[in-house]
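A short reminder: the numbers here are calculations on the coordinates, not readings from a lab. Just so it is clear, the structure is predicted and the values come from calculations on it, not from any experiment. Note: ideal-geometry Cβ built from the backbone for every residue, glycine included; neighbour counts use all protein chains shown.
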Amino acid sequence: MVILGFCAYVFDSSACLIRDGQLIAACQEERFTRQKNTGDFPSHAIQYCLDEAGLTIADVDHVTFYWQPFLGLKERVWQILKGLPSSLNFWGSHSDKWLSMVFAKNELKKQFPGEHNFKFHNIRHHDAHAASTFLISPYHEANLIVMDGSGEIECTSMGFGKGEEIKLPYKINFPHSMGYLYVSVTHYLGFKPDSDEYKVMAMASMGQESEYYDLFKKVVRLEENGRYSFDLSYFNYPQGKRDPWVSDKFIKEFGSLRERPRDALVNQAPLEKRHHNIAWALQKRLEDVAYHMAGFLYEKNPCDTLILSGGSALNCFMNEKLKRHGPYKNVWTMSAPHDAGTRLGAAFYLYNSIMKKPRAFEYESAY
Ligand SMILES: [Fe+2]
C-alpha cells in the first residue's frame with residue numbers, strides 16, 4: 001500500500017511517501033526552490049518522493065493532507081463576528097490559504113496529471129503532529145503534548161498514545177496559543193515572526209529574572225487540569241492585527257517596541273538588557289506551562305515517556321528542562337516536530353491509527 005502525505009499553504013510545505021508502513025522518502029519544498037520555509041504547493045518534494053520510490057502518481061493508493069479545513073469553521077466565524085470590524089483583517093489574511101486547502105486535492109491532480117487511483121484523506125492537524133512523533137518513536141506507550149501556533153481550532157492538545165492509538169482529549173483552543181505568544185514577543189523584540197523564535201530562545205540565556213517574569217505570570221495564567229489561559233488584552237493577533245502582534249497595554253507595561261527597520265539600510269535599535277530579560281521571562285513562562293501540562297498528564301497516566309510535537313517542540317531548552325525536571329525518564333521528539341513533520345504524521349496516522357496496521361517503521365535519524 002502506497003501513501004503519499006503532504007502539507008502546504010501556510011509554511012514549511014513538504015511531502016513524504018510510505019510503502020507498507022515503511023518510510024521511503026520525506027523532504028521539504030524549500031530544499032528544491034531555495035525559498036526558506038516556503039508554503040508553496042510542494043510539487044518538487046512530491047516528485048522527489050515518487051522518484052525515490054520509483055513510482056508515479058498512478059501508483060499511489062492514498063493521499064493524506066495535514067488539515068481539515070472545515071473543522072472548527074463555526075468557531076472561527078463566531079470569533080470573526082465577535083471581533084468585528086478589526087477581525088475582518090484575520091479573515092482577509094487567511095481566506096486565500098483556507099481556500100487553497102479546500103482545493104488541495106484538485107491542485108494535486110492538476111500538478112500531477114494522468115491516471116489517479118488514490119483516495120484523499122484530510123487529517124486533523126494535531127492528530128498529524130502527534131502521529132509524526134509518537135507512531136515513529138521507539139516507544140509504544142507515552143503521554144503526548146502538541147503545542148503549536150494553531151491547528152484548525154486548537155492551539156494545544158494533550159493526551160495519550162498506546163500502540164497504534166492516539167487520543168488527545170484535552171484541548172486549549174485559539175487564541176490561547178503558546179506558539180503565538182512566542183511569535184508575538186519575537187515580533188515585539190524586533191525579529192521576524194514565525195521564523196526568528198530561535199533567536200529569542202537564545203537571547204533568554206543572556207537574561208535574568210526580573211519584573212518581566214511577574215508580568216508574564218499575568219499574561220499567561222496556569223489553571224486546573226494542566227490548562228492555561230491568556231489575558232487577551234495584551235494581544236492584537238486574536239483580532240487579526242499582526243503589526244504589532246501585541247497590544248498597546250503590552251507595550252505600556254513591557255516598554256517600547258523594538259521596531260524592525262522597513263529599510264535594509266537603516267540600523268535597528270541595539271538590544272538592551274531589558275530585551276534579554278524579557279526573553280528570559282518568556283522562556284521561563286513557556287517552561288512553567290510545559291511542566292504544568294507534563295505533570296497533569298503524569299497524574300492521569302504515570303508512564304515513563306513524554307513525547308512532544310508542534311512548532312513549540314523545536315524549543316530545545318524547554319525539552320531539555322522537561323527531561324531534567326522529571327518525572328519522565330524519556331522526553332522525546334523528532335527532527336521535524338513543526339508543520340514540516342505533519343506530512344509524515346498524517347500518512348502514518350492513516351496507516352497505523354485509522355487502518356489499524358501494526359507499526360513497521362522506527363525513526364532513527366533524519367538522514
Ligand atoms: Fe502545527
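The calculated 222 nm mean residue ellipticity attributable to helices in the chain amounts to -11500 deg cm²/dmol, summing -39500 (n - 2.57) over DSSP H runs of n ≥ 4 and dividing by all residues. Applying a threshold of 29 Å to the alpha-carbon distances of Lys74/Lys284; Lys36/Lys97; Lys167/Lys323; Lys162/Lys218 flags Lys74/Lys284; Lys162/Lys218 as lying beyond it. For region 140-333, the Cβ-based charge dipole about the Cα centre amounts to some 300 debye (Lys, Arg positive; Asp, Glu negative; other atoms uncharged). Just how far, in whole angstrom, is region 1-26 from region 149-196 if you go by their alpha carbon centroids? Answer, in whole Å: 22. Put simply, the convex hull of the Cα atoms in the chain casts, on average, a shadow of 18.3 nm².
Under the combined filter of DSSP loop state and at most 13 neighbouring Cβ atoms within 10 Å, region 244-289 retains these trypsin sites (Lys or Arg not before Pro): Arg262.
Do the alpha carbons of any pairs in Lys109/Lys171; Lys192/Lys273; Lys241/Lys321; Lys192/Lys356 sit beyond 31 Å of each other, and which pairs? Over 31 Å apart, Cα to Cα: Lys109/Lys171; Lys241/Lys321; Lys192/Lys356. Its Cα centre serving as origin, the chain has a Cβ charge dipole (Lys and Arg +1, Asp and Glu -1) of approximately 580 debye.
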